[in-house]
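Novice: Shown below is the structure under consideration.
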Amino acid sequence: MNTDRSNEKEVALVFGGSRGIGAAAVRRLSYDGFSVGFTYVSRPDSAQHVVDAVAADGGHALAVQADSADAAAIRQAVEKVATHFGRLDVVVINAGVLRLGTIDTFTLEDLDQVLQVNVRGVYVAIQAAVARMGGDGRIITIGSNSAVRPLTPAGTVYGMSKAAVAAMVKGLALELAPRGIRVNNIQPGPIRTDMTAEHIERIKDMVPLKQVGETEDIAELVSYLAGASSRYMTGSSLTIDGGMAL
Ligand SMILES: NC(=O)c1ccc[n+]([C@@H]2O[C@H](COP(=O)([O-])OP(=O)(O)OC[C@H]3O[C@@H](n4cnc5c(N)ncnc54)[C@H](OP(=O)(O)O)[C@@H]3O)[C@@H](O)[C@H]2O)c1
C-alpha cells in the first residue's frame with residue numbers, strides 16, 4: 001500500500017477538485033501547508049493538471065476518481081486519501097452540478113442528478129469523513145447565494161439543493177460540536193468557471209459591485225475556514241457574491 005507518512009502535515013480532501021473553485025481550493029490548501037487529496041469524475045486531464053501544478057509549487061496532491069452521485073465511491077475516496085496520507089483534518093465538499101429549467105419542463109433525471117450530487121453526495125461525504133477525523137476536524141461545503149434568494153426563475157431546483165446544504169450545515173454543526181468538529185458553508189455568487197462560462201458576462205450587470213468573482217476569492221475563504229483563525233466559527237453560511245443576493 002502506498003502510504004506517505006513522511007511528515008506530519010495536515011491533510012485536506014476536496015471533493016470536485018479538478019477544475020474551477022475546487023481546483024483553486026486544492027492549490028490554496030497546498031500553499032497553506034496541507035497535503036491534499038481531491039476527487040474528479042470525468043476529466044482525468046484536468047485532475048493531472050492540478051496534481052502537476054501542486055507539485056510545481058512544492059506540494060503533494062493525490063487525485064482520486066469518484067462520482068459524488070455514488071455513495072460507495074465517496075466512501076472509497078475518503079478511505080483512499082486518509083490511508084495514503086495517514087490522517088484527515090479538513091474536507092471541502094465542492095462537487096456540484098447546475099441544471100436550469102422551469103417546472104413545466106424540468107425532467108425527473110435532472111431533479112435526481114441535482115439532489116444526488118448537491119445534497120445526498122454532500123451528506124454522505126461528511127458522514128464518511130467524520131468517521132476518519134479526530135477532534136479539530138473542519139468540514140467546508142460550497143453552497144450558493146441562490147440558497148439566500150432565487151436569482152432566476154429557472155434556478156429553483158439548484159437553489160433548493162443549496163438551501164438544503166445550508167440547513168445541513170447548521171444541523172451537523174450542532175451534532176458535531178461536542179467532538180470539536182466545525183462545519184461551515186461558503187455561498188458564492190457568480191464566479192468565473194466552466195460552470196458559468198456561457199452566462200458570466202451577462203450576469204456581471206446583475207451584481208451590485210459590477211464584477212464577477214474569481215476562483216481565488218472563494219479559495220481565500222476556504223483557507224480561512226480550514227485554519228485556526230476561524231476556530232470560533234461553526235454552522236455559518238458565508239455569502240460572497242458582490243452583493244447580488246441582497
Ligand atoms: N461558478 C459559480 O458561479 C458558482 C456559484 C455558486 C456556487 N457554485 C458551486 O461551486 C461548486 C463548484 O462550481 P464550479 O463553478 O467550480 O464548477 P465546475 O467548473 O463545473 O467544476 C466542477 C468540479 O466538480 C467536479 N464534479 C462535478 N460533478 C461531480 C461529481 N458528480 N462527482 C465528483 N466531482 C464532480 C468536476 O470534476 P470533472 O473535472 O471531472 O468534471 C470539477 O472538478 C459547485 O458546487 C457549484 O454549485 C459555483
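The values are calculated or read from the model by the stated rules, or taken from the named source; none is laboratory data. Since this is a predicted model, take the numbers as computed values, not measurements. Here Cβ is always computed from backbone atoms with ideal geometry, including for glycine, and neighbour counts include all displayed protein chains. Note: accessible area is taken over every heavy atom of the protein model, side chains too, but ligands, DNA and RNA are not part of it. Shrake-Rupley method; radii C 1.70, N 1.55, O 1.52, S 1.80 Å.
Novice: When the residues of segment 177-230 are filtered to those that are within 15 Å of the chain's Cα centre (by Cα) and of a type in the set (Gly, Ala, Ser), which remaining residue is nearest to Val91 (Cα to Cα)?
Specialist: Within segment 177-230, the match that is nearest to Val91 (Cα to Cα) is Ala226.
Novice: Let me ask you something else. Looking at Gly155, Gly143, Gly101, can you tell me which residue is in contact (Cβ under 8 Å) with a residue 60 or more places away in the chain, closer than 23 Å to Ile191 by Cα, of a type in the set (Gly, Ala, Ser) and touching a helix residue (DSSP H, G or I) at 6+ places or on another chain (Cβ under 7 Å)? Quick ask: steps written out before the conclusion?
Specialist: On the way: Gly155 fails: in contact (Cβ under 8 Å) with a residue 60 or more places away in the chain; Gly101 fails: in contact (Cβ under 8 Å) with a residue 60 or more places away in the chain.
After ruling out the rest, the residue left standing is Gly143.
Novice: Can you name the residue in segment 197-213 that is within 11 Å of the ligand (Cβ to nearest atom) and without any contact (Cβ under 8 Å) to a residue 24 or more places away in the chain and is also surrounded by the most Cβ atoms within 10 Å (Cβ to Cβ) among such residues?
Specialist: Here the answer is Ile203.
Novice: Mind checking which residues of segment 12-29 are surrounded by fewer than 24 Cβ atoms within 10 Å (Cβ to Cβ) and more than 6 Å from the ligand (Cβ to nearest atom)?
Specialist: To start, the set of residues in segment 12-29 that are surrounded by fewer than 24 Cβ atoms within 10 Å (Cβ to Cβ) comprises 19-20, 27-28.
Listed by number, the residues that qualify are Arg27, Arg28.
Novice: Here's something else I'd like to know. Any chance segment 184-195 includes a residue that's aliphatic (A, V, I, L, M), in contact with a Pro (Cβ under 6 Å, 6 or more places away or on another chain), modelled with pLDDT under 95 and not in a loop (DSSP other than H, G, I, E, B)?
Specialist: Of the residues in segment 184-195, the ones aliphatic (A, V, I, L, M) are 186, 191, 195.
Now restrict to residues that are in contact with a Pro (Cβ under 6 Å, 6 or more places away or on another chain): none.
There is no residue in segment 184-195 that is aliphatic (A, V, I, L, M), in contact with a Pro (Cβ under 6 Å, 6 or more places away or on another chain), modelled with pLDDT under 95 and not in a loop (DSSP other than H, G, I, E, B).
Novice: Please go through segment 169-196 and pick out each residue that is closer than 16 Å to Gly137 by Cβ, hydrophobic (A, V, I, L, M, F, W, C) and open to solvent by less than 90 Å² (accessible area, probe 1.4 Å). Give the derivation first.
Specialist: Step one: filter segment 169-196 for residues closer than 16 Å to Gly137 by Cβ, giving 169, 172-185.
With the extra rule that they be hydrophobic (A, V, I, L, M, F, W, C), the set shrinks to 169, 172-174, 176-177, 181, 183.
Matches in segment 169-196: Val169, Leu172, Ala173, Leu176, Ala177, Ile181, Val183.
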